[in-house]
1. Please give the length that would be gained between A367 and D147 if that part of the chain were fully extended, namely 0.36 nm times their separation in residues minus their C-alpha to C-alpha distance (nm, one decimal).
2. Work out how much length E525 to T356 would gain on full extension: take 0.36 nm times their residue separation and subtract the Cα-Cα distance, in nm to one decimal.
3. Report the local net charge at I102: Lys and Arg +1, Asp and Glu -1, summed over other residues whose C-beta lies under 11 Å from its C-beta.
4. Enumerate the calculated ³J(HN,Hα) couplings along region 147-157 in order (Karplus 6.51 cos²θ - 1.76 cosθ + 1.60, θ = phi - 60°), each rounded to whole Hz, writing x wherever the residue is Gly or Pro.
5. In whole Hz and in residue order, list the ³J(HN,Hα) couplings for region 92-107 that follow from phi through the Karplus curve 6.51 cos²θ - 1.76 cosθ + 1.60, θ = phi - 60°; x for Gly and Pro.
6. Any chance you could run the full-extension gain for H67 through T303? It's 0.36 nm times the residue separation minus the Cα-Cα distance, nm to one decimal.
7. Given Cα pairs under 8 Å that are at least 6 residues apart, what percent is the relative contact order of region 109-166?
8. Extending each Cα 7 Å along its Cβ direction at D265 and Q393, get the distance between those two points in nm, one decimal.
Amino acid sequence: MKRMLAASLATVLVMHPAIIMSASSIDEGVTSTVSSEGVIEQKDEVVYANLRADGVAEELYIVNALHLESQGKVTDYGAYDEVINLTDTSAIQQSANETIQIEATEETFYYQGNLKQDVALPWEFEISYSLNGQPIDGQSLIGESGDVEIQIDVKQNKDVEPEFFENYMMQITVPFSNAQFSDIQAEGATIANAGQDKQVVFTVMPETEETVTVQASTSQFELEGIQMSGMPSSVAIDPPDTEELTGEFESLTGALVQLNDGLGDVHAGLVEFTDGLHQLESGSSEYASGIQETANAGSELRTASSEINEGLQALQNGLSGQSDLEIDIDGNMFGALEELADGLSEINGALSTVRTGYDGMNDALNAAVQSIPDEAILEEELGQLMQENPDSQALGQLVQFYEGAQRVKGTYAEIEAGLSSTSQALQELEGSVEDVESGLRQFAKAASSELGNIDVGDGLQSLTGGIDQLANQYGMFHEGLRDYTSGVEQLSSAYGEVDSGIAESSSGANELAAGTESLSNGMTELTNATEEIPEQMQEEIDEMISQYDKSDYEAISFSSEQNNEYINSVQFVVHTESLHMPDDEQEEDIEEEPSMWQRFLQLFGL
């Protein structure tokens, strides 16, 4: 056997003298030279990372693939602690300025660069475990049984070039053995069969920090390493046809424009309505004041009339059945009649004031009601607006305002004729009181002038008949006057509440007008904002598509920006340590690392 080995070595030495030189150069740390300069056409990088079970990185290295346009001496760059030739046995020269000198004799040259400790991944991973709801570290979980939950937090590492986080999709694969796990649940994941095992696959999109969770029941916990693969999201996404959707929004914005115009008209009408209510309030106040004065004058008038009536009754009783009577009639009774006439004059003046105030109030109310637009909105149109805008509080208030205004207009139409007849009745009452006043004054004047010419002896019978007639008629007048003044007092008391209600309505109308102004302003803002909804929606759709469509992404090197000129692709392959039960039969013998000469011989199977 030794002779065959020696013969083989001799053959190798004779037939391949260049190999001896190469091996010698490796041992001496000297790189063989190639006469020409090589050219790198493009480069691929695969970044490998080994993590602990909790997600903390322990080791990072890059497998670099240099695709050569021409072989020879080439230069690459990277911040490596160590470089390892994976293509041949030639040495790779590494300079302090992160320059890598390579004698490349193959069309594709592979070498490994072990990254320095201060180099980190673009993502930060935090992996936590729990057993039966209680936190537990991964190593302590090995061999346990129960309900297991694994939570993986993926976050951006802000200390690393953000382009990888912004453009790379991360695929997380958690393997489970069917022999040890059951009832696997993972929201948002794809669970696929892989032979006799299952793989739970999560996808984390670019520019996304996410927490993923997988739950399962285990009879004996063991887990192969969790793998995270990062690659550019190069899927091109075709934009959807949004013409129909934007058309619907254009219809909505058109309806909002019409609604805003209508609300502006409503607000203008409410402003006029409020002005009319202010005038109504002023006229009502004057009317209440006048009716109160009338009621007060009526009390005095009733007292005076009562005295006159009592005087006439006493006179009537005194004259009745008397043939020889001394009559002492002075001007007091006729003065009382004049006072009664004066009281009626005051009442007439108060009635005039009341009628004037009432007419002003009625005119103001009519103007306010007429300011409400006659155009009616169909219930179907209102229902459609409410259905299209179910959460719009402003629209609900607007509908209530519209319905209230229509009720006011309908009620006024029903009582308009009664309001006009009330004014006419007041005018007629004013004329009647004026006639009574004039009659009293004429009676007092005539009776006063004729009293001195009466022949008591001869005209007693005529006087008695006249006084009886006067007393009886005045008694009836006094009763009517008392009923009238009593009614005026009740009217004055009741109208006080009406006047208070009108004042509150006026105050409420102010708030209503202010509210509709705010509503109109808000609707104007809403209309202005929604006018651009179709364009804004299209922009949002385009932005959402651009967030995930990275088809135009151009790769950059992870090892050094000086490689960007010819970098073709960069991928990330991240593994966590496996969590396995210790093997009792595992040999504890630690093999020695082969020497460079032994590695050279292994290339030839020796």
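The values are calculated or read from the model by the stated rules, or taken from the named source; none is laboratory data. These numbers come from a predicted model, not from an experiment. Cβ sites come from the backbone with ideal geometry, for glycine too, and all protein chains shown count toward neighbours. These accessible areas exclude ligands, DNA and RNA; they are computed on the full protein's heavy atoms, side chains included. Shrake-Rupley method; radii C 1.70, N 1.55, O 1.52, S 1.80 Å.
1. Numbers: separation 220, 0.36 × 220 = 79.20 nm, distance 7.92 nm.
Taking A367 through D147 to full extension adds about 71.3 nm, to one decimal.
2. Values: separation 169, 0.36 × 169 = 60.84 nm, distance 4.52 nm.
Contour length minus the Cα-Cα distance gives 56.3 nm.
3. Details: positive: K73; negative: D76, D88, E103, E106.
Net of charged neighbours comes to -3.
4. 8, 10, 10, 10, 10, 10, 9, 10, 10, 6, 8
5. Result, ordered by residue: 10, 8, 10, 9, 5, 8, 6, 8, 10, 9, 10, 9, 9, 10, 10, 5 Hz.
6. Numbers: separation 236, 0.36 × 236 = 84.96 nm, distance 12.64 nm.
Full-extension gain reported as 72.3 nm.
7. Details: 65 pairs, mean separation 23.7, N = 58.
Relative CO of region 109-166 lands at 41 percent.
8. 2.8
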